[in-house]
1. Could you list, in sequence order, the residues of region B:27-37 that are touching a residue at least 60 places away in the same chain (Cβ under 8 Å) and within 11 Å of chain A (Cβ to nearest Cβ)?
2. Which of the residues that make up region B:129-178 are surrounded by fewer than 17 Cβ atoms within 10 Å (Cβ to Cβ), within 30 Å of residue A:288 (Cα to Cα) and either among the β-branched types (Val, Ile, Thr) or touching a Lys or Arg at 6+ places or on another chain (Cβ under 8 Å) (or both)?
3. Within the bounds of region B:169-188, is there any residue that is facing chain A (nearest Cβ under 10 Å), within 23 Å of residue A:72 (Cβ to Cβ) and touching a residue at least 24 places away in the same chain (Cβ under 8 Å)?
4. Sort out which residues of region A:415-429 are touching a Phe, Trp or Tyr at 6+ places or on another chain (Cβ under 9 Å) and assigned to a loop (DSSP other than H, G, I, E, B), and write them in order of number.
5. In region A:52-62, how many residues are at the interface with chain B (Cβ under 7 Å from one of its Cβ atoms) and more than 15 Å from residue B:44 (Cα to Cα)?
6. Tally the residues that are in contact (Cβ under 8 Å) with a residue 24 or more places away in the chain and within 11 Å of chain A (Cβ to nearest Cβ), restricting the search to region B:256-290.
7. Could you run through region A:375-392 and say how many residues are touching a helix residue (DSSP H, G or I) at 6+ places or on another chain (Cβ under 7 Å) and not aromatic (Phe, Trp, Tyr)?
Amino acid sequence: MSDTVIDPVADDDGGDPVAGDALVDLLNGFIVELREAGLPVSLTEHLDAMEAVRFIPLDDRSAFKYALAATLVKNHAHWRAFETVFEVYFSLRGAEYAIDPDAELAELPEDVESGDARDGAGQAPANAGSGEALTPEELAQMLYQALLQGDDAMMRAMARQAVRRYAGMEPGRPVGGTYYLYRTMRNLDLDGMLEQMMQQSREDAPEPLTPLEERLEHDEYENRINQFKQEVEAEIRRRLVADRGVEAMAKTLRKPLPEDIDFMHASRKEMISLRKALQPLTRRLAVRLARKRRHGRKGPLDFRNTVRHSLSYGGVPAEPKFRYPRPAKPEIFVIADISGSVAAFARFTLHLVHAIASQFSRVRSFVFIDGIDEVTRFFEGTEDIVEAVHRVNTEADVVWVDGHSDYGHAFEVFWQKWGTEVGPKTTVIILGDARNNYHASQSWVIKEIRHRARHVYWLNPEPRAYWDTGDSIVGEYGVHCDGTFECRNLRQLEGFVDHLV
Amino acid sequence: MTSDALPEHDPRFDSVDAVRDRLRSVDYLSDEGIAGIVYLADRLGKPILVEGPAGTGKTQLAKSVAEITGARLIRLQCYEGLDESKALYEWNYKKQLLRIQASRNEADSASWDDIEDDIFSDEFLLTRPLLEAIRAEDPVVLLIDEVDRVEVETEALLLEILSDYQVSIPELGTITARQIPLVFLTSNNTRELSEALKRRCLYLHVDYPDMEREKEIVLTKVPGVSETLADEIARIVRSIRQLELKKSPSVSETIDWARTLVLLGVDHVDTETAVATTNILLKYQSDIAKATKELTAEPAGVKRPGAPGAPAR
C-alpha cells in the first residue's frame, strides 16, 4: 500500500506514483486552493514546498503533511484551514483510506471483523461476519467498547461503519458535510455512552471516585468521543470528495480564516475559534501600542539640553537633543448596542478595548438596547475579562420598553445622565448597526457629543453596502461623527484600534 | 533558489526517525512534526522558526539538537534595542586608536593607506554571535532567541544571514559561511514577524504536548516519579488546560509540579494535594481560583461553559 499513498491521480490506477509532473500538478492545485482559502503563499514558499517533498518518503503521509505545513503555513491561526485543504486534497490517496467496500473490509482490524460484539476485547469466536451483518445494537456495543478502551484502530473502523450505515449519503446531492454528520450522530447516542462509561468506571473503581478522579475520567472519555467524532467527520469528507471531486469539495469546505470571520454570521464553532484568536491579538496589540508610545521619538527640539551637551564639543551643538514626547492617553467611552443582531460584535469590541485598557487613561463602557446602562463596574477589580463580558450580557439593565433597539432613546438618556462627563480628552466609540426599528434618531445627541469630545467614531459590523437600507440610519448619525468604520471581522477591528491610539 | 550557491554539506541525519531517536537519547521527546521539520531543515539548509506558547521547550529544542550533533551552540538573545554592533560585528575602536597612535610614533614609514588597510582587518574585528556562527570552522547551531522582541527594522539584519548564510562588512567584503549551521529562531508571538523573515524559514509551531507525550516527558525528566503518578499528573494538567485561563500551565510548570509532588512524597494525587499545589502550575490568582473551583466541583453531568471539549448535542 505504501506506494500509492500520494498517488498523484486518484483514478489513474497504478502508474508511476512519483511521476514528477503529476506531483507538480497536484501540488499546484493544492497551493492554488490554499490561496483561495486566504493563506498568503508566496512563490518562494511554493518552490520550497516542492523542494521539501523531495526529501520526504512519499509513503509517510504525516511526514508529507508536516513538510508541506512547514514550508507553506507560517501562521498558526492558519493551521486549521491548511488541514482542511490537505484532508480534501490528499484524503483519497492511500489504501487504508480506500472507499471501495471490499478493500475496506480487508483493512478492518482483525478483532473488529471477527470480534464478538458483546465482548470487543478481542477474542475471536466463529461469528466472523462482515461489518454489514451487525445489528445497530451490536454496533453501538462495539463502539462503546472501543471508546472505553481507547482503541484507535477500532474507533476508526467504527466511524467508517457508522457513516456507511447512518449518514445515508446520496451521490451527487449538494449538501455540506454537516448534514451527514448530524444524521450519523443522531443515531449514535454518544452522550448516553459517556454517561454509561462514567457509570462503568464508578463501578470498576475499588472505592468511590473522588470528584477529581471523576472529573479526570470524564475528560478522558470526552476526549475519546471527540476523537471519534473527528474520525466520522473525516470519513464523511473522504466520501464526499470521492463523490464530487477535489475542487468542488475544497470549495464547499472553504472557511474563512479566524481573522476574516464575519462577527454577525459566525457559527458556534467559529465563535470559539474567534475567541481563541482574540487572546493573542490583544496581547500583540498591547505590546505594539506600548512600543509605539515609547519609540515615537519625534518630540520637538530641546534647546536647553542641546546647549548643555554642546559644551563637551566645545560649544558646537553637534548632538541635537529632543524632548521626550508624551502623547496624551485618550479617555475612551464605548457605547455599544448589545441587542441580538450585533451582540457578538459588541462583546468582542468590549473585550478588546478593556484588554488594552492600560493604553488609555480611562475606559468607560455603556451598553444599550432601548435603555442604557453603564457597565464599567463589571470590568473594575476583575482580571477576568471573559467573565466581565459575560456579566455585561446578563446583568446590565438595558431594556426599557420592549427590548428592541432604540438608538434615539438610548442616546437621549446617555446625554442626560453622562453627557456632562464627556470632555475634550474623551474619544467616544459607538458600536452598532444603527438599525433603529424606525424610532426617532435623536441624532442631535451625537452632534452635541462631538462638540464636547475629542473624537466620535462609529463602528458598524454590517457590510458597507447594507448601510442606510431598511431601518438602518447610520448615515444620519454618521454625518456627526469623525469617522464611520465598517468592522466586520477581527482584522478590521484590529486596524481600527491601531488607528485609535 | 539560493541553495545552489550554498556550500555543500553532508546531511546530519539519515531519516526522520533517526532525528527522533537521537533527540530521545538526550531526553528531548519530540513528536512527528518536530522531528520531521528538524530533518527537513538539515536537508534544505533552511532556518527553523519555532513559535508557540511559553514553556513548551522551544529553546530546549535548539540545545538538544546541538547536543546530538555535537555542535557548539551559539546563542543570540534578542531584546528591544538590539543592533548591528551587538548582533553582527563591531570594530574594536580602542585598539584601532592605539594602532594609529603607535604608527605616529614610528618613523613616518607607514602611509595612510597601509594604516587604513591594517586597522580594518580581522585583527580589529570583534565578532558577535551572528558573525561568529558564520565564521565558525567547527559545527555550530545558531539559536536566535525571542526574535519577536526586536523591532521590525532590526529584523532586516537577520535576512542576509538566514537566506544566504553570509555577512557583508563594507570594509572587508562578504564573509560566507564555511558550513551551513542549523539555525533556530524562537518567537513567543508577541508580534507578527515580517513576511520577509517568515518566508526564509521553515515554520514549526510547538504546542502543548498531548497527554501521552506529556506523561513521557514527566517520566524522563523527573527522577523517582512512578508511572501512575506521571499518568495522573498528565491527566490533571490536560483538564486544567481545557479551562479558559489567562495562562495555561506550560510543560516546564508541569515538570516543576511533578518534582514537587515527588519531593513531598506523594504517590497519588488526591483533590487536596492538587488544590494545595496548584500555585506551582498556575501563576495568576484568578486562574488558581478557577482551577480550584473546577477541580473540587462535583462533576456529575457537568457541562463546563466554554470548554471547547464539551460534546455538542
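1. Our first condition is that a residue be touching a residue at least 60 places away in the same chain (Cβ under 8 Å); within region B:27-37, this holds for B:27, B:29, B:31, B:33-34, B:37.
Passing the criteria: B:31, B:33, B:34, B:37.
2. Within region B:129-178, B:151, B:152, B:159 meet the criteria.
3. yes
4. Within region A:415-429, just A:422 meets the criteria.
5. Within region A:52-62, the subset at the interface with chain B (Cβ under 7 Å from one of its Cβ atoms) is A:52, A:55, A:62.
Next cut, more than 15 Å from residue B:44 (Cα to Cα) only: A:62.
Residues that pass the stated criteria total 1.
6. 8
7. Step one: filter region A:375-392 for residues touching a helix residue (DSSP H, G or I) at 6+ places or on another chain (Cβ under 7 Å), giving A:375, A:378-379, A:382-385, A:388-389, A:391-392.
The next check asks that each one be not aromatic (Phe, Trp, Tyr); those that pass are A:375, A:382-385, A:388-389, A:391-392.
Adding up the residues that qualify gives 9.
Here is a yes/no grid of residues against (1) within 12 Å of chain B (Cβ to nearest Cβ); (2) crowded, with 20+ Cβ neighbours inside 10 Å; (3) more than 29 Å from the chain's Cα centre (by Cα):
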{"residue": "A:156", "(1), (2), (3)": "no, yes, no"}
{"residue": "A:162", "(1), (2), (3)": "no, yes, no"}
{"residue": "A:168", "(1), (2), (3)": "no, no, yes"}
{"residue": "A:171", "(1), (2), (3)": "no, no, yes"}
{"residue": "A:182", "(1), (2), (3)": "yes, no, no"}
{"residue": "A:195", "(1), (2), (3)": "yes, no, yes"}
{"residue": "A:234", "(1), (2), (3)": "no, no, no"}
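The values are calculated or read from the model by the stated rules, or taken from the named source; none is laboratory data. As the structure is a computational prediction, the values presented were derived from the model and not from experiment. Because the Cβ atoms are built from the backbone with ideal geometry, glycine has one as well, and the counts that use them run over all protein chains shown.
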